[in-house]
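Peer 1: Please read through the structure below; I'll follow up with questions.
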Amino acid sequence: MSGPVPSLDRLPGDPRYWYAGLAVLLVAWPLLFGAFWARIGLGALMWIGLAQSWNMIGGYAGYLDFGHGAYFGIGAFAAGIAMAQFGYPFLVGFGLAIVVSSIVSYLVAVPTLRLTGAYFAIATWAFAESIKQTALVTGITGGTFGLSLPRSPDTFVGVPVPFAISETFFYYAMLVLCLATMALTYYLFERHEFGYRVKALRDDQDAAESLGIDTTRVKRQVYVLSCVVAAVFGSVHAWYIVYIHPNDVLAPIITDRMVIMALLGGLGTLTGPVAGGLLVFLLERLSSVFLGSTTFYLPLIGVLIMVTVLFAPSGIIGILRGEVDRDDVRKNVKELGEKFDLL
Amino acid sequence: MVDIGLFTQIVINGLLLGGIYITIGVGFSLAFGVLEVVDFAVGEYVMVGAFMGAVLAPVFGAEGIFVIPIVLVVFFLAGSLIQPLIHHVTTGDRPHPLLMGLVFTFGLATFLRGSVLTIFGPNNQDVPSSLLTGGVTVPGVGTFPVVRTVTAVFGVTGLLVFMYYLYRTRGGMAIRAIAEDRTNARLMGININRYQSIAYGAYAALTGSAGVFIGMIFTANPGMGLQYTAFAFFMVVLAGMGYLPGVILAGIVLGLTQSFTAVYISGNLVLLVLFAIIYVVLLVSPAGILGKGEWAT
Amino acid sequence: MTDDILRTTDLTKRFGALTANDGISLSVERGEIRGIIGPNGSGKTTFFNTVTGFYQPDSGSVHFDGEEVTGWEPHRLARRGLGRTFQIVSPFKNMTVRQNMLAVQTDDDRSREEKRDRAGEIMEFLEIDHIADNEARGMSGGQQKLLELGRVLMLDPEVVMLDEPAAGVNPALESRIMDHIHELNDEGRTFVVIEHDMHVMKTLADSVSVFDSGSHIAQGDFEEVSQDDAVREAYLGGTTAEDDEVPI
Amino acid sequence: MSGGNGSKDVPTLSATGIEAGYDRHQVLHGITFESRDGVTCIFGPNGSGKSTFLKTLNGIVPVWDGTVTYGDVDLTGAKPEEIVTHGIATLPQGGGIFGSLSVEENLEVGAFTVDDAAAIGDRKAEVLEVFPALEDKLGQKARDLSGGQQMMVSLGRAMMTGADTFLLDEPSAGLAPRLVDDAFGLIERLVDRGAQVVLIEQNVRAALRLADYVYILAEGEVQFNGPPEDLSEEDELMELYLGL
Amino acid sequence: MTSLSGDLRFGGEVTQRGYDLWADTVNDEKGGIEVGGETYEVEVEYADAQSSPSTGADAASEMIEDGADAILGPYSSNVTLAVCPIMEQNSMPHITGSAESPQIWQEGFEYSFGTIPTVSIIGNEATSALLNLEPQPDSVYVTAVNEPFSVATGESMRDAAEEAGVTVENYEEFPRDADYTNVVSAAQDVDPDLHLHGGHIGSHVDLISASEQLGYNPDGFLMHYGVNTGSYKDGADDQAPYTFGATVWIPSVDRSGGVLFDSPQAYADASESEYDTAPDYTQAGSTAAGIVFQEAFKELGSAPPLSQDDKDELIGILEEIDVNTFYGDVAFETEGEYYHNNINTQTLLIQLGEDGSPAIVGPEDAATDEANYPVPAWDER
C-alpha cells in the first residue's frame, strides 16, 4: 500500500497480526490498566481526534486555522447548556453541538476563507478569542463562573447508563469517536474524490479551479466538517469533565496543541496526528510521572518543536517513512550554517 | 453626561497605553516587513526583558532603567543568532514556509516561557525603579504617570530611531532593499544574512527593553508574554503589515479604544471589542486601517 | 458563417497602468487547432486567464459554444467544457497520478465507477497507466505535462487551451504529446495552444494568432504569419528610422 | 561598429561547460561562453536558457557543473554579493530597481560595497553626468519615474558598483518602442566608457546594431556564436531564432 | 494533589508547603498517625493538576488508582470543581485546604470538605471590619477581576458595603489583562473613601501601581486574596505598605493548645525554618486539612489501607469532627449553602506595615494593632 498507512506495514511479520494486536489492546486497555490509565487513554484518544480535526483544514486543505479550539469550546458549551441549563439528556446536547458548530462555522467560513496564509491564521485566532470573551460575559454559559453539568446517571439512547461518568464508559466513547474520525478521514481524504479535491486546492488553487473544482465550496465544506468534529469531541469532553469554564474549554492552548500535534506528527497525513497527538499529550501528561513535579517539560516541548521544524519539516511520520534521512539533516545543517553571517 | 476631567484623563491613559503598545509594535512590524516573520515569540521577549530587569536591577542600585543598555546588547546578540534559524525554516523548498515560521517561533515562545517558569518559579517579580514613580498632574488636564510617559516616549523614540536608521543610513537602506527584493539586494553586494540578522536583533533589543519598562509599569511574571503577543498582532493588523509609520496610529487607536471601552462601556467587554475589531479589520481591510500594509505571502 | 466555438470581442484587461490585453477579438472554429504566438509579455497568458475566468475583463466579452460566459467562475467554465493547462506545470504533487485524475469535478451524472474507468482509459491513452499509483512529485517534467493533459481530458472538454505544452519536454515526449493532441483533435476537440517552439507550432496549428504588446496583430496559417512584417517586428524588434544602419 | 574603444583593460568573463537548472529540472546543457570587448549579445527564443545562463554568471543560480572565471579569478560557486565586488554588475530583468527607495538611494545602494564617501560622491557625479535627466529626480521614489528614467536609474546604479563588466537581462523589455533606442543609446555610453557588456535581448534587430559578438542559445545549448556579420541573412536569423 | 505547573503554580506551591509541613511534622514528632495502638507514617503522594481541570481530574483518578486512603485537594476552585465529581464517583474522602469559591459547597459534594471558608464569608466580614474604622467611610468603589474566585470576592465586598448602608459608587468587573489606569481613573473620578478589590496577587500589584502612578488616594485599599504573601510584597514593593487585606489566620493570632502545632506562632516558626517563608492562611488551611484527616483517622481506628466501608465511616466522622488546631477550631457544616465547608474561622482584617509585614487591625475584638487609617497619600509616604 502506498502512502497513508505506513507505520504498521513496516514492522516485521504479517501486518494483520499487528493490526489485530492493536485492536485488542485498544479494546482491552481500560480493563487491563484501570481507571487512571483509562483516563490517560481517553485523553490521548480525544487529542488524536482533535489533532485530526485540525489536520483536515490545516493539513489537508492547507488553511492555518488558529481558532479551531473555539469549536471544541462551542461543542462543550452547547452540550453543557443543554444539560445544565435545560436539563436535556446528553444526546440532545450532542445534537445541539453538531447543529450549532455547523451554523457558526459556516457563517465564519464565508467571509474568513477569503483570506489566506497568516491573514487567515490571525483572523481565526481573533474570532476564537471573541468567542471566549463572549462566553465569559454571557449568562447562559455561566459566564465567569462556568457551568457545572448534572452528574446524575444519564441515559444513552433511552437505556440508562449505569456508569455515567465512569472512565471506562468515556474511554469507549472516545475510542469510538476517535476511530470514527480516523475512518472518516481515511475515507474522505485518502480514498474519496472529495479528499483529492481538498488536496488539489491546497497544492494549486488555480489548477483546481481549472479542473472544475469549486474551491470556495470545497474549502467551506472542509472547514465546517473539521469544526463539527472538534465540537463533537468538545461535547463529550464536557459530559465527561462535568465542569466547564471558558478559560478552560475555550483556551487558546487547545488550538495550539492541535496545531503542534498535527505538525510534529506530519501535516496532511492520516497517521501524523496520531503520532503527534500521542507524543505531545503523553509528554505533557506523563511528565509529572517521569520527570517529577517540574515544569521542565515546557522548554522540552519548545525545543522539540524547534528541532522538528528545523530538521524534519515533514514531521515524525516523515521520519518513519524515511523521507528525512541523515543526508537531509546534514544538508540542513550546512545550509543553516551558511546563514550565520553576522560579522 | 461626560465629565471633562475624567474624559481628558481617559484620553491620556489611552495615549500612554498606546505608547506601551508602540514599543512592542515597532520591532514586530519591522520584523514582519523585512523578514516576513510572524513572530509568536514577541511577547516572550517582553517577558524575558522584564525578568532581566527584575534580576539585574538590584545590581544597579534597584534602578531598572540602568538595566536597559545590557538588555539592548544581550537581546541584540540573541536576536541576531535566532534570526538565521527563522530564515532557514521560512525559505528553501519546504512545504508551508509561513506555517513553519509561525510554528518555529511558537516553539521558541514555549521554550522561553517554560525556561523562565522553571528557573524563577511563578511568582511576580518587581522591576524596581525609584526614578520613575508617581505622576505629574497638569491642572485642568489630568495626571501623567511618569513611568508610562517615559515608556511611551521610549516607544516613540524607538520608532524614530528605527525610522532614522532605515531611512537615513546605509544599513537601513540595505534592509529596505532586502525587504523589497532579496535577490536584487544580493546583486548590489548586500550580505542579506547579515542585515537580516541585524534587523531581527534590533527588533529583539527594542522588544526586550520594552519588557523592562513593562515590568516597571506592571510586574514581571512568566505568564505575561501571551497578552503582549496578542497586542503585537493587534498592532500590525491595524497598522498594516510591515508599515512602520502606521504603528503610531495603531497604538493610539488601540489605547484609546481600550480606555474608552473600559470606562464608558464595560471593562469586561474590552477584549471582546478589541478582538472583534481585529477580526473585522482583517475581513474588510487586510492591509490595515490606513490600507498601506504589505503582506508577502 | 463559420462555426465559432470560442469567440472574444474587444477583450481588454488592465493591470494598473499596463494594458495586458488591449481589445482582443478572436474567434476559434470548432474542431481546429489554433496556435497563439508572440514575444514574452505580449499578453498570451493574460488572454488565457481572462477567457477562462481567472481574471475579470475590464471590458469586452467571451462567448463559448453559443453562450456568453464573460466573468464566469473558472470551475463553472471548466465543467461547461472549457479546459486549460498552465504555463508552469501544476500537478497536485502530494497525490498519485490516479488521484490527480479523480480530483477533477464535472457536472455530469457519471457514477464514481464510470469516472474511475474513464481515468483508466485516459491514462492508458496517454501511456501513463504504468505510473498511475506513483506520487506526482516524483515524476519527470514530461510526465507531468502528460498528467496535466490527462486531467483536462477528465473534464471531457470541447475546447482545450494549452499553455506551452512542449516547454521543457524532450523531443521524443514532445512528439508523443503532439500525436495525442492530433488524435484528440480528430475526435473533434478544439485546441488553443500557446507555444514558443515554432517547430511545434508549424506542425500542430491549423492557424496561428500572433499577439504583440497586448494586441492581436495577425492571424493565418503558419507560413503566412511567419512572413508577416508585423510578426517579424514583434519578434525581432522594431524597424526604425535608423533601419539602414542595421547590419543585415 | 566595433567595441573596445575604451582605454581600460577589462578581464574576460568566461564560462566553460556550464550545466545548471532548477530543482531537478536541467536547463543548461554545457554552455561555453566568453565575453568580448564591447557588447556580447545572447539571443534565443523563450525557454532557451539565456536568462538562466546569465544568472549562473552572477551567482544567483548555482552551477551544477562547469566553471566561471573572470580574468584569473575563479568565480565558480561564488555568491552574488561576492561577484559584484569583483567588478561584475547585473541589471536584472525589468531593471530591478528598488521602487520604494529614492532615486538617490538606488544609486547609493549600487555603491554598497564601497565605503569611501568621497568615491561614492565622485561616482554619483559621473552617473549624473551620463544621465543628467536624473539630476532633479534624485529625491523621488524610483517607482514614480517613467520607464525610460527607471532604465537610467538601473544603469546608473550598475555604474555605481564601479564594475567593468555589465550583465544586462533584457533591458528593453517593457519599454515603449520609442524608448528602446534610448535604452540602447545608454548601453553605448557604457561601452564608450570602456566597459564590457553582456546583453540578453529579444529585440534582436536593435541589439544587433550594438553587437560585437553574438551567441544564440536554444534548448540550453549554444546554436551559434560568431560576429554579427556572420548572420548575413535575416531569414537565417529568424530560423535560428525561432528554432526552425 | 495540587497544581505544580501551569498558571496556578504559585498557589499550588503554597498548598504543597502546607501539606508537606503537616506530613513532615506528624512523622517527625509522633512517628506518624497513631491508629489503634499502631503508628503509621504519613506518606503524601503528589499528582500535578497542571492548573487544568481535566488534568486535575486525571490526577485525582491516578491517586485513587494508586490506593490513596484519602485525598488532600487541589488549589483553585476550577480544578476542585472538576475533581470533586471523581471523589463522589469513587467515594473518596477529600479535604481541600485551598479552594474558596462558594460554588463548590453549593454543589453539595458528599465526599469533599474544605478547611478554609468560602470567600463570600471572608470578603464580607473583612469589608465590614474595614467599614467600622474611624472616621467611618461614606462611599466605596468595588472592582473585581473577571474570574470565579475574584468575582465572588468582589460581590461579597459590595454586598457587605450595601448591608452597612455605605454608598457603593460602582461595582466593576474586568479581565485580568485589563489596563488598570482606566480602572483607577474611573474610580478617581468619583473619589470614594475606600477601594475594595477582589483578585489575585498580580492584579493587586497592577492596581496599586496604577494608583500610585495616577495619584489615586482613597483612604484605604482592601484587596483579597494574598496581600500578606511574599509575591505581593515583592511585586508591589514600595507600594505595598498600608494595603488592607483579609485573612482567616495569621501567625500573630492568639490561641494555643492545638493538635500538632501548639500555636500559630509555632506553626509560623516551623514554616520559616523549613521553607524560609512566612505562611499565609492558605498554607495554614492546607496544614489544618492534614491535621483534620489525622484526627479522623485516629477516631476511625482502622489500619490502612482503608476499605470502602472505612471511607464511608470516615465521612461520618468528618461531619461530626471538631478539632482544635493552630489554625482554629475546625468543624464542617452539614447542610445549607456552606455544606462541608469549615466556617468556624474568624475573618481578620489585616494591614501591611511599613516593612510589609501584616498586622491585625480588625475586627475590633480581634485587633492587635491600630489601623493606619486613613492611609497616607502617595506623595506623603
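The values are calculated or read from the model by the stated rules, or taken from the named source; none is laboratory data. Only a predicted model underlies this, so the values are computations on that prediction, with no experimental measurement involved. We place every Cβ from the backbone using ideal geometry, glycine too, and count neighbours over all the protein chains shown. We work out accessible area using only protein heavy atoms, side chains counted, and drop any ligands, DNA or RNA first. Shrake-Rupley method; radii C 1.70, N 1.55, O 1.52, S 1.80 Å.
Peer 1: Amide H of D:I31 versus every other amide H placed in the peptide plane: which residues, excluding those fewer than 5 positions away on the same chain, fall under 5 Å?
Peer 2: D:G17, D:I18, D:E19
Peer 1: Before we go on, tell me the buried accessible area for the A/E pair, both chains summed, 1.4 Å probe, in Å² to the nearest 100.
Peer 2: Numbers: alone 17050 and 14780 Å², together 29210 Å².
When A and E are taken together, about 2600 Å² of accessible area is lost.
Peer 1: For Cα pairs less than 8 Å apart in space and 6+ apart in sequence, what is the mean separation divided by the residue count of the range B:173-297, i.e. the relative contact order in percent?
Peer 2: On the way: 95 pairs, mean separation 27.7, N = 125.
It comes to 22 percent, rounded to a whole number.
Peer 1: Which of the aspartates and glutamates could a cross-linker span from A:K339 if the Cα-Cα distance has to be under 18 Å and same-chain partners fewer than 8 positions apart are dropped?
Peer 2: Qualifying aspartates and glutamates at Cα under 18 Å: A:D328, B:E36, B:D93, B:D181, D:E81, D:E82.
Peer 1: Then there's this: Which lysines have a Cα less than 20 Å from the Cα of B:K292, not counting those fewer than 8 places away in the same chain?
Peer 2: Cα-Cα hits under 20 Å: D:K141.
Peer 1: Next question. Counting only other chains, what is the mean number of Cβ atoms within 10 angstrom of the Cβ of each residue in peptide E:180-192?
Peer 2: On the way: counts 5, 16, 15, 5, 4, 13, 9, 0, 5, 7, 2, 0, 0.
Counting Cβ atoms of other protein chains within 10 Å of each residue's Cβ and averaging gives 6.
Peer 1: Tell me the angle of helix A:252-265 to the major Cα principal axis of chain A, expressed in degrees between 0 and 90 and rounded to the nearest ten.
Peer 2: It is inclined by approximately 40 degrees.
Peer 1: Next question. Shielding by partners for E:86-95, please: the mean number of other protein chain Cβ atoms within 10 Å of each residue's Cβ.
Peer 2: Rounded to a whole number, the mean comes out at 2.
Peer 1: Same structure, new question: Let me confirm one metric for peptide E:275-288, namely the mean number of other chain beta-carbon atoms within 10 Å of its residues' beta-carbons. Don't skip to the end; give the middle numbers.
Peer 2: Details: counts 0, 0, 0, 0, 0, 0, 0, 0, 0, 0, 0, 0, 0, 0.
Average neighbour count from other chains, rounded to a whole number: 0.
Peer 1: Not counting ligands, DNA or RNA, and with a 1.4 Å probe, what is B:L6's accessible surface area in Å² rounded to the nearest 10?
Peer 2: Probe radius 1.4 Å; accessible area of B:L6 about 20 Å².
Peer 1: What do you get for the angle between helix D:117-130 and the principal long axis of chain D? Use alpha-carbon atoms, 0 to 90 degrees, nearest ten.
Peer 2: 70 degrees
Peer 1: Further question on the same structure: Between C:F54, C:F15, C:F222, find the one with the highest GNM mean-square fluctuation for chain C; connect C-alpha pairs within less than 10 Å.
Peer 2: Result: C:F15 has the largest fluctuation of those listed.
Peer 1: Related question: So if R0 is 30 Å, what FRET efficiency would E:T39 and A:L31 give, r being the distance between their Cβ atoms, rounded to the nearest 0.05? Intermediate results must be reported in sequence, preceding the final value.
Peer 2: Numbers: r = 38 Å, r/R0 = 1.27.
Efficiency at R0 = 30 Å is approximately 0.20.
Peer 1: Would you please give the FRET efficiency between C:E224 and D:Q223, computed as 1/(1 + (r/R0)^6) with r the Cβ-Cβ distance and R0 = 35 Å, to the nearest 0.05? Numbers along the way, then the final one.
Peer 2: Working: r = 26 Å, r/R0 = 0.73.
In this case the efficiency is close to 0.85.
Peer 1: With a 10 Å radius around each residue's Cβ, average the other Cβ atoms per peptide and rank A:41-50, B:260-269, highest first. All intermediate terms of the calculation are to be shown ahead of the outcome.
Peer 2: Numbers: A:41-50: 25.8, B:260-269: 19.3.
So the peptides A:41-50, B:260-269, ranked by packing, come out A:41-50, B:260-269.
Peer 1: Of the listed peptides E:267-278, E:85-96, A:230-241, what is their order by residue-averaged count of other C-beta atoms within 10 Å, with the highest listed first?
Peer 2: Working: E:267-278: 16.2, E:85-96: 23.7, A:230-241: 27.3.
Ranking, from highest mean packing down: A:230-241, E:85-96, E:267-278.
Peer 1: Hey, what's chain E come to in accessible area per residue, 1.4 Å probe, Å²? Spell out each step's value before the answer.
Peer 2: Numbers: 12180 Å² over 381 residues.
I get 32 Å² per residue for chain E.
Peer 1: If you line up the long axis of helix A:215-241 against the longest principal axis of chain A, both from Cα atoms, how many degrees apart are they, to the nearest 10?
Peer 2: 50 degrees
Peer 1: Give me Rg/Rg_expected for the protein assembly as shown, where Rg uses Cα atoms only and Rg_expected = 2.2 N^0.38 Å with N residues.
Peer 2: Working: Rg = 37.4 Å, N = 1513, 2.2 N^0.38 = 35.5 Å.
For the protein assembly as shown, the normalised Cα radius of gyration is 1.05.
Peer 1: List the pairs from A:K199/C:K202; A:K199/D:K79; A:K132/A:K219; C:K93/C:K115; A:K199/C:K13; C:K13/C:K115 whose alpha-carbon separation is above 28 Å, in the order I gave them. Don't skip to the end; give the middle numbers.
Peer 2: Numbers: A:K199/C:K202 38 Å; A:K199/D:K79 37 Å; A:K132/A:K219 25 Å; C:K93/C:K115 21 Å; A:K199/C:K13 31 Å; C:K13/C:K115 37 Å.
Violating the 28 Å Cα-Cα cut-off are A:K199/C:K202; A:K199/D:K79; A:K199/C:K13; C:K13/C:K115.
Peer 1: Suppose R0 equals 41 Å; then what is the FRET efficiency for E:S139 and E:Q265 from their Cβ-Cβ distance, rounded to the nearest 0.05?
Peer 2: Values: r = 38 Å, r/R0 = 0.93.
The formula returns an efficiency of 0.60 here.
Peer 1: Given Cα pairs under 8 Å that are at least 6 residues apart, what percent is the relative contact order of the range E:64-147?
Peer 2: Working: 86 pairs, mean separation 20.2, N = 84.
It rounds to 24 percent for the range E:64-147.
Peer 1: What is the sum of charges, Lys and Arg at +1 and Asp and Glu at -1, for the other residues whose Cβ falls under 12 Å from the Cβ of C:D163? Before the final figure, lay out the partial values.
Peer 2: On the way: positive: C:K44, C:R84, C:K145; negative: A:D206, C:E148, C:E164, C:E195.
With Lys, Arg at +1 and Asp, Glu at -1, the neighbours total -1.
Peer 1: Counting pairs of alpha carbon atoms under 8 Å apart in space and at least six apart in sequence, what relative contact order in percent does chain E give?
Peer 2: Values: 836 pairs, mean separation 71.6, N = 381.
Relative contact order here is 19 percent.
Peer 1: Would you mind working out the accessible area per residue for chain B, using a 1.4 Å probe, and quoting it in Å²? Mind dumping the intermediate values first?
Peer 2: Working: 9220 Å² over 297 residues.
The answer is 31 Å² per residue.
Peer 1: Can you order the peptides A:115-123, B:209-217, B:132-140, E:158-166 by their average number of other Cβ atoms within 10 Å per residue, highest first?
Peer 2: Values: A:115-123: 21.8, B:209-217: 28.2, B:132-140: 13.9, E:158-166: 17.6.
Ranking the peptides A:115-123, B:209-217, B:132-140, E:158-166 by packing returns B:209-217, A:115-123, E:158-166, B:132-140.
Peer 1: Name the residues of the range E:246-284 whose amide N is less than 16 Å from a point 7 angstrom out from the Cα of E:D329 along the C-beta direction?
Peer 2: E:254-259
Peer 1: Most mobile of B:M52, B:M173, B:M241 per a Gaussian network model of chain B (Cα springs, under 10 Å)?
Peer 2: Judging by the Gaussian network model, the answer is B:M173.
Peer 1: Just add up the charged neighbours of A:L32: K/R +1, D/E -1, any other residue whose Cβ is under 15 Å from the Cβ of A:L32. Let's see the in-between values first.
Peer 2: Details: positive: A:R39; negative: A:E167, E:E65.
Cβ neighbours under 15 Å give a net charge of -1.
Peer 1: From the square roots a ≥ b ≥ c of the eigenvalues of the alpha-carbon gyration tensor of the range B:174-297, which class results: rounded (a/c under 1.5), prolate (a/b over b/c), or oblate?
Peer 2: In terms of gyration-tensor shape, oblate.
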